[in-house]
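The values are calculated or read from the model by the stated rules, or taken from the named source; none is laboratory data. Predicted model, so just to flag it, every value in this text is computed and none were measured. Note: ideal-geometry Cβ built from the backbone for every residue, glycine included; neighbour counts use all protein chains shown.
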There are 2 protein chains.
Amino acid sequence: MAAGDEFRPLDEASLVAYIRATPALAASLGGRVDALSVKEVGDGNLNFVYIVTSDAGSVVVKQALPYIRCVGDSWPMTRERAYFEASALREHGRLCPDHVPEVYHFDRAMSLIGMRYIKPPHIILRKGLIAGVHYPLLAHHMADYMANTLFFTSLLYNSTTHHKKQVARYCENVEMCRLTEQVVFSDPYMVSKYNRWNSPFLDKDAEAVREDDGLKLEIAELKSMFIERAQALIHGDLHTGSIMVTPDSTQVIDPEFAFYAPMGYDIGAFLGNLILAYFAQDGHADQANDRKAYKQWILKTIEESWNLFQQKFLGLWNKHKDGNGEAYLPAIYNNPELLGVVQKKYMTDLLHDSLGFGSAKMIRRIVGIAHVEDFDSIEDASKRASCERRALDCAKAILKGRRQFESIEQVIAHVRSVTHD
Amino acid sequence: MAAGDEFRPLDEASLVAYIRATPALAASLGGRVDALSVKEVGDGNLNFVYIVTSDAGSVVVKQALPYIRCVGDSWPMTRERAYFEASALREHGRLCPDHVPEVYHFDRAMSLIGMRYIKPPHIILRKGLIAGVHYPLLAHHMADYMANTLFFTSLLYNSTTHHKKQVARYCENVEMCRLTEQVVFSDPYMVSKYNRWNSPFLDKDAEAVREDDGLKLEIAELKSMFIERAQALIHGDLHTGSIMVTPDSTQVIDPEFAFYAPMGYDIGAFLGNLILAYFAQDGHADQANDRKAYKQWILKTIEESWNLFQQKFLGLWNKHKDGNGEAYLPAIYNNPELLGVVQKKYMTDLLHDSLGFGSAKMIRRIVGIAHVEDFDSIEDASKRASCERRALDCAKAILKGRRQFESIEQVIAHVRSVTHD
């Protein structure tokens, strides 16, 4: 499969030669590799991404370099992330083919993945949310994706033997895990050269985060859970920039942070980034569009995403309750009443985890290293600060009070209360 | 190092030949291998254990066979447990040399460990507790052992990189982990051919365990935590049969169940087995010795074990708080007040985990496959049943109510209330 035995960073010219020498990639272009056009489109933080087009089709080629792209070679980062990305794409793709692009080719030595091109009019969900586009199927699709990928990689479905083997394998993706630890669970709560915020407007807010003992107590618990608890194979970076959408289609990309970790980290990333999008809307409102209806749609999507996820996840659990999953053996949890109580507890705990992780992800996007375009695209810094501050205050309150919420409706009510909408 | 490339089960004769051909073992016997005496002493459930004596010294040789010794070859079990036992003995021995025997020789192909002979008058702690012997240093020693082995293998001391590497390695000890899952967290709560109890006296009690939905809800949470949460390198079977004692010395043996799991599983195993010993005392009382003072000593030992463990563990934490441990970075948890709050929460959570796991271990010893000599040696079955029932009721109450306890003194008060002593 490998077209080269050693790593070389590709450019547009050498990529063409690589594709011509690699049957799986050439085939994905209909074998028409005489005249290829190549466009580098990596707007993420980490990797190089090329769209390669022949007159018979297109393919995406993604290459990891031994550093973080947006920082440069001053921040080294293992190329092995490409291996874990390819592994997770294949595993999650098997479990949820409708919402994960196929991998056509993986070259471990080159840290290179060839995968299905997600065609226009697909755009990054975050950009759609900024533009105010409605995605009526988003909640259904994401609930499907999260329920399938998380349930089928957990001990609700698998034996301990299978689980431990997979856990061990993904333990090697530790550099990516450490990157998350630093940027999500550490830097925002300390003085760090990587932090930035909308200064001077949020100077006091950033300082308050660093001095909030209650918040630090909670973030420590979440960080330990993130490192220690191998609950399911998570995507690991499921924000709205890792999702490509049209009104009819939802495709999840970029799982290079995948490892066995708490399910709530994925669910929280998705919901937390929707809440960020919600708080950014006031900054995008203008006379032509006050965005009020769109804000309601975002809240409805958050509510539906959780409730549909819960419904689908419990559906899978009930369907497979007599299977090989070792968490709840049928001989013990053998009556509907007990199973109902067990499931209610499981989902409530998962909601609390998701709210904790989701809030942590919101906080880090406001006072940590990597911000979101939802806010960054608001030109007026003062207006932007007011949106960011409300999101930050909301996240802090949810993080600290997460165990009080018993339903997503209560969370939505809290989000609404911050803005009095 | 290996004296043989392939596995052969040894007997007393072939063991002598093996030792003569193995320099590290011959050296541990002062090189005097002409006239060796060999005695098989494995009274545990799993392995063969030989004491080999020359006129210059003694050594223990332990061999794992590919099944569980007490059941026979109808219950196959990986010989690789010897590898994990040797690994854990070495790692825990490095961290706590006073309370762990040295490994002189390990032969992976033969699943064979040569280690320090723990000399008479050392006896198994469980036997000492049945005999009513006082061990004034036991709490100190076990607090030392638990604090050192658990702290130094956790993220309070280590980097995530080191931690994940070790976690991955011990994931391979999955068969032993599954054995625990079955006998501790599953079988006692379902109809299983392996379960036994003091019948007919405890028939209703065993049935009540199988029908207690509240208990099953809690045991599911503990089981998931046991499988999913890689908190520290635990011994994995730290009952009073895995500890050898004199009044001056405490030696922990038999860590073949070692893997990265919740710390509370070890602490709970030790404390839970002391509570079993406490409830067994009434069955050992006679006119010469009513055991009342001894019961008080056991309770005092439980109290001191936890409190000294907590003190030593927090002492290590404070000593190393500016080190490489990644759970609580000094730049974030940088003030004494916050660190105090964080530590209090950590220790309270750990107490609750320990009480949960400890209670689960008590329950399984009364209605599961493997019982304890503390009770089994009480000849009068009716008297034995009354001791067992009180222990079982106590364990069920602690397991369900564990989050209400804020100190070990409150737990002791509860244990006392069951017997009105």
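Observations on the model:
- Test: residue in segment B:159-166 that is under 23 Å from B:Leu308 (Cβ atoms) and surrounded by fewer than 21 Cβ atoms within 10 Å (Cβ to Cβ): no
- Matching residues, segment B:52-64, being crowded, with 19+ Cβ neighbours inside 10 Å and either touching a residue at least 60 places away in the same chain (Cβ under 8 Å) or within 15 Å of B:Leu112 (Cα to Cα) (or both): B:Val52, B:Val59, B:Val60, B:Val61, B:Lys62, B:Gln63, B:Ala64
- Within segment B:72-109, the set of residues being of a type in the set (Val, Ile, Thr) and without any contact (Cβ under 8 Å) to a residue 24 or more places away in the chain comprises B:Val103 only.
- Within the option set A:Leu276, A:Leu238, A:Leu233, being assigned to a strand (DSSP E or B) and either under 12 Å from the mean Cα position of the chain (by Cα) or not acidic (Asp, Glu) (or both) holds for one residue only, A:Leu233.
- Verdict on A:Ile123 being hydrophobic (A, V, I, L, M, F, W, C), more than 14 Å from chain B (Cβ to nearest Cβ), more than 28 Å from A:Ser359 (Cα to Cα) and surrounded by fewer than 23 Cβ atoms within 10 Å (Cβ to Cβ): no
- Any hit, segment A:107-116, residues being in contact with a Ser or Thr (Cβ under 6 Å, 6 or more places away or on another chain) and crowded, with 18+ Cβ neighbours inside 10 Å: no
- Listed conditions (1) modelled with pLDDT of 95 or more; (2) more than 20 Å from the chain's Cα centre (by Cα); (3) part of a loop (DSSP other than H, G, I, E, B) are all met by B:Asp421, apart from (1).
- Residue within segment A:1-8 that is acidic (Asp, Glu), surrounded by fewer than 20 Cβ atoms within 10 Å (Cβ to Cβ), at pLDDT below 95 and closer than 30 Å to A:Thr240 by Cβ present: no
- Among the criteria (1) of a type in the set (A, V, I, L, M); (2) under 21 Å from A:Ser224 (Cα atoms); (3) more than 8 Å from chain B (Cβ to nearest Cβ), the one A:Val167 does not fulfil is (3).
- Residues that are in a helix (DSSP H, G or I), of a type outside the set (A, V, I, L, M) and touching a residue at least 12 places away in the same chain (Cβ under 8 Å), drawn from segment B:183-216: B:Phe185, B:Ser186, B:Asp187, B:Pro188, B:Tyr189, B:Asp205, B:Arg210, B:Gly214, B:Lys216
- In this structure, B:Lys193 does satisfy being farther than 22 Å from B:Ile378 by Cβ, more than 10 Å from chain A (Cβ to nearest Cβ) and surrounded by fewer than 18 Cβ atoms within 10 Å (Cβ to Cβ).
- Restricting attention to segment B:340-392 and to residues that are buried (at least 17 other Cβ atoms within 10 Å of the Cβ) and β-branched (Val, Ile, Thr), the residue that is nearest to the chain's Cα centre (by Cα) turns out to be B:Val372.
- Enumeration of residues in segment B:196-220 that are at the interface with chain A (Cβ under 10 Å from one of its Cβ atoms), exposed (fewer than 15 other Cβ atoms within 10 Å of the Cβ) and charged (D, E, K, R): B:Glu211, B:Asp213
- Taking segment B:144-182 as the range and being closer than 26 Å to B:Thr78 by Cα, in a helix (DSSP H, G or I) and of a type in the set (Val, Ile, Thr) as the test, the residues that pass are B:Thr149, B:Val167, B:Val174, B:Thr180.
- Residue match in segment A:324-335 (condition: farther than 16 Å from A:Ala277 by Cβ, touching a Pro at 6+ places or on another chain (Cβ under 7 Å) and within 14 Å of another protein chain (Cβ to nearest Cβ)): no
- Residues in segment B:22-48 that are crowded, with 16+ Cβ neighbours inside 10 Å, modelled with pLDDT of 95 or more, not in a helix (DSSP H, G or I) and not β-branched (Val, Ile, Thr): B:Leu29, B:Leu36.
- Residues of segment B:311-328 satisfying the condition of being crowded, with 21+ Cβ neighbours inside 10 Å and either outside the structural domain of B:His140 (by TED's automatic domain parsing) or touching a helix residue (DSSP H, G or I) at 6+ places or on another chain (Cβ under 7 Å) (or both): B:Phe313, B:Trp317, B:Glu326, B:Ala327, B:Tyr328
- In segment B:228-284, residue surrounded by the most Cβ atoms within 10 Å (Cβ to Cβ) [restricted to those that are of a type in the set (Asp, Glu) and more than 14 Å from chain A (Cβ to nearest Cβ)]: B:Glu256
- Looking across segment B:376-404, the residues that are touching a residue at least 40 places away in the same chain (Cβ under 8 Å) and more than 26 Å from B:Leu351 (Cβ to Cβ) come down to B:Ser377, B:Ile378, B:Asp380, B:Ala381, B:Ser382, B:Lys383, B:Arg384, B:Ala385, B:Ser386.
- Leading residue by the ranking (nearest to the chain's Cα centre (by Cα)) among those in segment A:286-339 that are of a type in the set (Gly, Ala, Ser) and closer than 30 Å to B:Val209 by Cα: A:Gly315
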